[in-house]
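So the structure is just underneath, and the comments pick up after that.
The values are calculated or read from the model by the stated rules, or taken from the named source; none is laboratory data. Note that the coordinates shown come from a computational prediction; the quantities given were computed from them, not determined experimentally. Cβ: placed from backbone, ideal geometry, glycine included. Neighbour counts: every protein chain shown. Remember, those area values only see protein heavy atoms, side chains included, never the ligands or the DNA or RNA. Shrake-Rupley method; radii C 1.70, N 1.55, O 1.52, S 1.80 Å.
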Protein chains: 2
Amino acid sequence: MERDPSEIDFAKGGGLVPVVVQDAASGRVLTLAYANDEALRRTRETSRSWFYSRSRSRLWMKGEESGNVQRVVEILVDCDADALVYRVEPSGPACHTGEETCFHNTLGGARA
Amino acid sequence: MERDPSEIDFAKGGGLVPVVVQDAASGRVLTLAYANDEALRRTRETSRSWFYSRSRSRLWMKGEESGNVQRVVEILVDCDADALVYRVEPSGPACHTGEETCFHNTLGGARA
């Protein structure tokens, strides 16, 4: 089903929704970030990953400094419209450490 | 690299971290939920997906009512240790609607 951007529930998270960034080709989860309505609008208009930084209190585009932009090929919305998935084609590493994904660590003792 | 559970930054999110639930076989993102330290402890101990419900203010296990439990085969931690991925083997639909994933909707006008 197709959802309209006006249906996204930004209010629940104080103006922000969590965004799962996923590599569209490999399926790897790259980053967990946040978007406000303006970040989502820019993402839709530019097909680049835009977010809202909680620590810096400003909009930012993935790759604006590193050049490692992400082309957003699809946006998924969850059942209660309070979380998004950006499915992307990355032009370089997602993580500031240079790793392909921010989720490059495992939790010790994860198995029972 | 392996991270210790004590390194997870629950404080940043008021005691909660977002959890991306991903099907370990298909790579599909199933659900975005939240965990506190107790939910994470139970997940590690039982290899089942445990979360903290913000709306109901209580711990819950995926499948506790539906029977659609998720076996957690791996937990990933992001670079700043404030978000997790549960990689799971689901025994049934992740979504309360009966869909395989909560992210079964696309955002209209997602492409520029």
Estimated buried accessible area (total), pair B and A, 1.4 Å, Å² to nearest 100: 3800
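Given a Förster distance of 25 Å, report the FRET efficiency between B:ALA11 and A:HIS96 from their Cβ-Cβ distance, rounded to the nearest 0.05. Present the calculation step by step, with values, prior to reporting the outcome.
Details: r = 21 Å, r/R0 = 0.84.
Rounded to the nearest 0.05, the efficiency is 0.75.
So, counting K/R as plus one and D/E as minus one, what does the shell of residues with Cβ under 10 Å around B:VAL85 add up to?
Details: positive: A:ARG28, B:ARG87; negative: B:GLU74, B:ASP78.
After counting each charged neighbour, the total is 0.
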Net charge over other residues, Cβ less than 13 angstrom from the Cβ of B:THR97 (K, R count +1; D, E count -1): -4
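Give the dimensionless ratio obtained when the Cα radius of gyration of the range B:36-95 is divided by 2.2 N^0.38 Å. Present the calculation step by step, with values, prior to reporting the outcome.
Details: Rg = 11.5 Å, N = 60, 2.2 N^0.38 = 10.4 Å.
The reported ratio for this selection is 1.10.
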Accessible carbon and sulfur surface of chain A relative to its total accessible area, %, 1.4 Å: 45
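Starting from the range A:17-73, pick out the GluC sites (Glu not before Pro) whose DSSP state is loop and whose Cβ has at most 10 other Cβ atoms within 10 Å.
Answer by residue number: A:GLU65.
For peptide B:29-38, compute the average count of partner chain beta-carbon atoms within 10 Å of each residue's beta-carbon.
Working: counts 9, 1, 4, 11, 3, 1, 0, 0, 0, 0.
Neighbouring Cβ atoms belonging to other protein chains average 3 per residue here.
What's the local net charge at B:ASN36, with K and R +1, D and E -1, over the other residues with C-beta under 11 Å away?
Cβ neighbours under 11 Å give a net charge of +2.
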Leading residue at positive end of dipole, chain B (Cβ point charges), from B:GLY108, B:LEU84, B:ILE8: B:GLY108
At most 16 other Cβ within 10 Å, DSSP loop - trypsin sites (Lys or Arg not before Pro), the range B:30-106: B:ARG54, B:ARG56
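Regarding chain A, what whole-number volume in Å³ per residue does the convex hull of its Cα atoms give?
Values: hull volume 15.7 nm³, N = 112.
Taking the convex hull of the Cα positions in chain A, it is 140 Å³ per residue.
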Residues of the protein assembly as shown: accessible area per residue with a 1.4 Å probe, Å²: 44
